[in-house]
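What follows is one structure encoded as structure tokens, with my remarks underneath.
The values are calculated or read from the model by the stated rules, or taken from the named source; none is laboratory data. Please read all numbers here as calculations on a predicted model, not as lab measurements. A quick note on method: Cβ atoms are made from the backbone with ideal geometry, for glycine too, and the neighbour counts reach across all protein chains shown.
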Ligand code: SF4
């Protein structure tokens, strides 16, 4: 018998964070870490480990649609080309705009940038990297003359001290964090975390500086002054390889004239500041990792330069185990920067500030209408849409109705815009405001390249066909270019041809003027592109150089010197006051990614943080009359939301924290960015996401509920709080009511119950009511019949539990456990009597890989006397796969005697 050989595994790249882990997709539908990829050597975090569970999704966008009606691709592309052409003819090129994404592959990014800046003639193309990395880009350009991350991940193993500033790497770059922990275990590397919150990254830290939000510039200006006072400067390096040191040091003395002043600005104990300064000064091999706590600030670029100044002043850059290291948030934010995806960039690390660069790109592209000046940055761009200056907008691979500050204003802008196109894989809060929706191919369905935080270019390879009529973004962009009459500029048949051109442009008239040089890839054949191994740039023609940059003291400014940049002190754009006394910080959760379009599909990723909690210090909660698990009305100058309260001693007093992920599709809370103001850094244009003044008020909870359904529920806007998570076979909704339930007689009205449960064609509804206790339970079965008060086996279609107190509700994990299988009569009896499911609740999931809950861990640790993470792993497997949960496992262990 002939047995067809199994297709070979496909090596590709994880589509989430900027670590850029390699993956191997096998024909049996599994996805594992690529043991040969330099970024991860086979490891994946909880999100990467669950990638295979996102592939069978049935909620994908399958066909182009115009105002809700299916249309063909040809008609859709003609609509875009025609509307763009007409708009440009009537209002000029600046009346059209593109808004893209760090989820783009480099090839998508390249053609989008070329179309807008070279052929349409406007630089009104910005991306969600503006919300993520723009301050690092601007800081690098100011200091180095080019947007370059000088170091490599190998510096982790070579460093003696790692400083994490505004970076919760344990949750946001988990595979790198595990590498940091391994280096610490192996060679005793010291770790200092600088972050207002005590995060999972503080696990293993030797020192945590919980500084006041926004005060990083003062801390690092003080460090620069300290390095000078203690003669820890690299004077010869400063002399030979830099400029601007004296003015920068003078400015640092202005900002940080004394330890007392630094302590006052940062709200840190003087001895802790001195301990950090002394350790930095005494350690040659020091890497400073920084991320959104630095970038997402109205002083983000100065924060970046304050860090870079300290590395330049000590000459600690570009050599093993030392240097500043910006950790990029998105999988291809770096690739976007390489093609000039931001509105103020030109392609291939060239600049609008240099007329020769503009002319060079024009000649290379043979561009008919080369943009001559920077375009609108993200916040300005959506303001211009609302003002009617931008009249046709194409959004690709991003969800600005959730992720941009003042998200209600963004939604209003989309509604006001005459022509909005959105390309995405799924329906989102943004597609809900689009005229034309295009189905995009997802990460598993398209070919191209991405660049990670350490400048490694990796292939993303398709390993399954796109569903329906989904198509790659580069194809749609090129089709529009052709239909606008730019055929020759967009005649690509394969992403390899785009990559070759991108590489050739990087080398065009370069001669060492730009570090970003992929000249060695300019002649890549299709077969070589298919085989391309992860490669670190620069890759000049005739050499495969990669490696660290600037170790020789040569930088990319015209004089080959680095520049110190004075960083004058300024506080937060909006300070808390008597009306809004708390400062709202926003950020990521461990197991979710961006606006949850993909991770929100996976049941085991939903259980670690199941609701959009508002974390608050217990004493602040007490002052605001809030309780753990209660609801709070949170309001800023820009918007309001109702959130579930979670007490946390990891918060500083006066500050609260909320997740960036949730949105209208997942919770009544909606996007937290509805509350965030649009104060941007004057250089980078990056908004301040981490310090919005807010006021809190308690909301009474009159009833609580738990709803499980096979189909998604639709909620009318009212006073019901709801939050949705994926479970095996359906969805679970946590409910809470701030207003009395619509009631008939002794219980909730049948109409309301029916609207919650949904109405399948054949249904047996079983009801349990205890009006005296305020407990009501409803179970709906799609098959099975009543039999002497009990039911034969049938599938639970939906169930609803309502009670005055949450203690009267079943544990969600027990209920979810019985959802996927037919129920025997005894199990139904337990369900209706309130003893749902069998066994005990595992509690909130801590280990997502093996589904181990907090209650199980606590009980097993106590019963078996476990005293180490290794012992937990042996007993329960928790922590033995991706390692993302290890900090939380450690926190559950008994304190050493
Ligand atoms: Fe993906 Fe996790 Fe690796 Fe980031 S650390 S690339 S999310 S597997």
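Below, the figures for the structure above:
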{"item": "Breaking point among (1) more than 26 Å from the chain's Cα centre (by Cα); (2) on the phi < 0 side of the Ramachandran plot, for residue 198", "result": "(1)"}
{"item": "Of all residues in the range 848-874 being surrounded by fewer than 16 Cβ atoms within 10 Å (Cβ to Cβ) and touching a helix residue (DSSP H, G or I) at 6+ places or on another chain (Cβ under 7 Å), the one that is nearest to residue 894 (Cα to Cα)", "result": "858"}
{"item": "Some residue of the range 526-545 being within 29 Å of residue 21 (Cβ to Cβ), in contact with a strand residue (DSSP E or B) (Cβ under 7 Å, 6 or more places away or on another chain) and exposed (fewer than 15 other Cβ atoms within 10 Å of the Cβ)", "result": "yes"}
{"item": "Long-range neighbours under 7 Å by Cβ, at least six apart or interchain, first residue at positive phi and modelled with pLDDT of 95 or more within the range 17-42, second assigned to a loop (DSSP other than H, G, I, E, B) and more than 9 Å from the ligand (Cβ to nearest atom)", "result": "20/453; 41/35; 42/34; 42/35"}
{"item": "Residue match in the range 168-184 (condition: in contact (Cβ under 8 Å) with a residue 40 or more places away in the chain, buried (at least 19 other Cβ atoms within 10 Å of the Cβ) and not in a helix (DSSP H, G or I))", "result": "yes"}
{"item": "In the range 505-520, the residues that are touching a residue at least 40 places away in the same chain (Cβ under 8 Å) and outside any loop (DSSP other than H, G, I, E, B)", "result": "505, 506"}
{"item": "Residues of the range 582-619 classified as assigned to a loop (DSSP other than H, G, I, E, B), touching a strand residue (DSSP E or B) at 6+ places or on another chain (Cβ under 6 Å) and away from the ligand (no atom under 16 Å from the Cβ), total", "result": "4"}
{"item": "The range 318-350: number of residues that are in contact with a strand residue (DSSP E or B) (Cβ under 8 Å, 6 or more places away or on another chain), in a loop (DSSP other than H, G, I, E, B) and within 16 Å of the ligand (Cβ to nearest atom)", "result": "3"}
{"item": "Search result, residues across the range 562-581 that are in contact with a strand residue (DSSP E or B) (Cβ under 9 Å, 6 or more places away or on another chain) and buried (at least 20 other Cβ atoms within 10 Å of the Cβ)", "result": "562, 563, 564, 572"}
{"item": "Residue tally, condition more than 22 Å from residue 42 (Cα to Cα) and either within 16 Å of the ligand (Cβ to nearest atom) or in contact (Cβ under 8 Å) with a residue 24 or more places away in the chain (or both), over the range 877-895", "result": "7"}
{"item": "Count of the range 714-728 residues which are within 18 Å of residue 781 (Cβ to Cβ) and assigned to a loop (DSSP other than H, G, I, E, B)", "result": "1"}
{"item": "Only one of 219, 207 that is surrounded by fewer than 18 Cβ atoms within 10 Å (Cβ to Cβ) and within 27 Å of the chain's Cα centre (by Cα)", "result": "207"}
{"item": "Residue identified as within 28 Å of the chain's Cα centre (by Cα) and under 28 Å from residue 242 (Cα atoms) among 414, 386, 376, 346", "result": "346"}
{"item": "Test: residue in the range 326-337 that is under 25 Å from residue 161 (Cβ atoms), at pLDDT below 95 and touching a helix residue (DSSP H, G or I) at 6+ places or on another chain (Cβ under 8 Å)", "result": "yes"}
{"item": "Condition check for residue 94: out of contact with any helix residue (DSSP H, G or I) (no Cβ under 7 Å at 6 or more places or on another chain), surrounded by fewer than 22 Cβ atoms within 10 Å (Cβ to Cβ) and either at pLDDT below 95 or within 16 Å of residue 370 (Cα to Cα) (or both)", "result": "yes"}
{"item": "Only one of 129, 135 that is within 24 Å of residue 683 (Cα to Cα), modelled with pLDDT of 95 or more and within 22 Å of the chain's Cα centre (by Cα)", "result": "135"}
{"item": "All positions within the range 790-818 that are at pLDDT 65 or above, in a loop (DSSP other than H, G, I, E, B) and either over 21 Å from residue 856 (Cα atoms) or in contact with a helix residue (DSSP H, G or I) (Cβ under 7 Å, 6 or more places away or on another chain) (or both)", "result": "795, 804, 805, 818"}
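Okay, residues lined up against (1) without any contact (Cβ under 8 Å) to a residue 12 or more places away in the chain; (2) closer than 19 Å to residue 325 by Cβ; (3) part of a helix (DSSP H, G or I); (4) out of contact with any helix residue (DSSP H, G or I) (no Cβ under 8 Å at 6 or more places or on another chain):
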{"position": "225", "(1), (2), (3), (4)": "no, no, yes, no"}
{"position": "232", "(1), (2), (3), (4)": "no, no, no, no"}
{"position": "246", "(1), (2), (3), (4)": "yes, no, yes, yes"}
{"position": "280", "(1), (2), (3), (4)": "no, yes, yes, no"}
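Here is a yes/no grid of residues against (1) at negative phi; (2) within 16 Å of the ligand (Cβ to nearest atom); (3) out of contact with any strand residue (DSSP E or B) (no Cβ under 6 Å at 6 or more places or on another chain):
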{"residue": "165", "(1), (2), (3)": "yes, no, no"}
{"residue": "169", "(1), (2), (3)": "yes, yes, yes"}
{"residue": "174", "(1), (2), (3)": "yes, yes, yes"}
{"residue": "181", "(1), (2), (3)": "yes, yes, yes"}
{"residue": "188", "(1), (2), (3)": "no, no, yes"}
{"residue": "194", "(1), (2), (3)": "yes, no, no"}
